[in-house]
1. Here is a list of conditions, (1) under 30 Å from residue 314 (Cα atoms); (2) not in a loop (DSSP other than H, G, I, E, B), and residue 98 meets all of them except one; can you say which number that is?
2. Within segment 113-125, count every residue that is under 11 Å from residue 158 (Cα atoms) and part of a strand (DSSP E or B).
3. Quick test for you: out of 276, 289, pick the one residue that is of a type in the set (Asp, Glu), modelled with pLDDT under 70 and over 22 Å from residue 58 (Cα atoms).
4. Has segment 312-325 got at least one residue that is surrounded by 13 or more Cβ atoms within 10 Å (Cβ to Cβ), of a type in the set (S, T, N, Q), at pLDDT 95 or above and not in a helix (DSSP H, G or I)?
5. Output the qualifying pairs, or none if there are none: Cβ atoms under 7 angstrom, residues six or more apart or on different chains, first residue in segment 295-322 and closer than 23 Å to residue 252 by Cβ and in contact (Cβ under 8 Å) with a residue 60 or more places away in the chain, second residue of a type in the set (S, T, N, Q) and assigned to a helix (DSSP H, G or I).
6. Determine if segment 236-244 includes at least one residue that is surrounded by fewer than 16 Cβ atoms within 10 Å (Cβ to Cβ), at pLDDT 85 or above and not basic (Lys, Arg).
7. Could you give every pair whose Cβ atoms fall below 8 Å, whose first residue belongs to segment 61-86 and is more than 18 Å from residue 136 (Cβ to Cβ), and whose second residue is modelled with pLDDT under 85 and among the basic types (Lys, Arg), counting only separations of at least 6 or pairs across chains?
8. Quick check on residue 252: is it in a helix (DSSP H, G or I) and β-branched (Val, Ile, Thr)?
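The values are calculated or read from the model by the stated rules, or taken from the named source; none is laboratory data. Just so it is clear, the model here is predicted, and its values are computed rather than measured. No Cβ is skipped: glycine too gets one built from the backbone with ideal geometry, and neighbour counts run over all protein chains shown.
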Amino acid sequence: MRTNRVVWMIVAAVVVLLGAGTAVVFALRSDSGEPSAAPAASAPVPSVVPRTASPAPSPGADLTGPLDLLLIGVDTRVSIPDWQPHADAIMLLHVDASLRSGYLYSLPRDLRVDIPAFARNGYGGGRHKLTEAMSYGARVRGTDRANVAQGYELLSRTISRYTGIRSFDAGAILTFDGLSRLTDALGGVTMTIDQKVVSQHRRPDGSARTLRPGGGGYVGPQATYLPGTRKLVGWQAIDYARQRYTAGGDYTRQRHQRQLVKSLLAEAEGAGLATDTAKLQAVLTALGDTLVFSGTRTPIEYAYALRDLSPAGLTSVGLPGDAVFSNGGYIGEQLAPSGRAFLRAVAAGDPAAYLAGHPELVKN
């Protein structure tokens, strides 16, 4: 069963990585204007010609496509000392060679996959739900501590093996507080809610609902999100995107998550991040340790490289699947053949051609 504390922070990672078209200010190389030391007498002394300082290439200007990014929202249960983190939101972004368009898609957290052995902590491997790859990898040998970055390493290997994507250019992991801080810093997020969603976790005022005595759910008034265009604050955005007890279940929740990504990108774009590097840096500072970034380049560099990738350039792809049962009991999810075929198309670098023949997968 899924935890009742599912966290959907991955959208903040998308905003940080894409920068909503953020331009990084050019840094000028210094030029002292001083003549160099005189050479040996046998050589003519050249005249000193003043030069105009030229801008250095912006950080990230050399990044080229295509790119594959892995974006994870983690339930860390920080209040429980021996709790191992789970990957509760798993999103992938494929950006084409032009760096102007991309494909955003989700993998079910309960997807049945083969998790490889992990020598770092002695995990022997096995077939489990995808979310558990994070927790198995995060275990620190000989302790009850968890290392989220280590968990990401095993999770990314597992996803790479399942999807056929050889490696990810970068990845980001966020916690609950990361998305809340980001959404509120942007003044909230405007979303088009496509169906009625009733919260299992929050009251209308944002306070937590009370656990039912003896377990088995919550009691008390429920926050409700009705169809239409709504402005959501941080806690509402998280609450809306985490609800799975609604028509369509987890696949609806994945769609709402991707819609939230695009809406946050639009808010970031409208807030002026596209022309103000200081604002982007303020976002990164506000996220603080709620963001764990994996990659050889920085978020600022990816922001610059993807400055021309706007929300309109993102195609949201829904991968169909269904439940897997064993001996009458639910053990996870599996993707339909069309979903697996889309993953193969991404790994081959041509998702656009596949979607042209399967437009039903586009779920904007």
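1. It fails just one condition, (2).
2. Qualifying residue count, segment 113-125: 4.
3. Details: 276 fails: over 22 Å from residue 58 (Cα atoms).
Checking each option against the conditions leaves just 289.
4. The answer is no; no qualifying residue exists.
5. Sorted first by the residue in segment 295-322, then by its partner, the pairs are 318/254; 320/338.
6. No, every residue in segment 236-244 fails to be surrounded by fewer than 16 Cβ atoms within 10 Å (Cβ to Cβ), at pLDDT 85 or above and not basic (Lys, Arg).
7. These pairs meet every condition: 63/297.
8. In short, yes.
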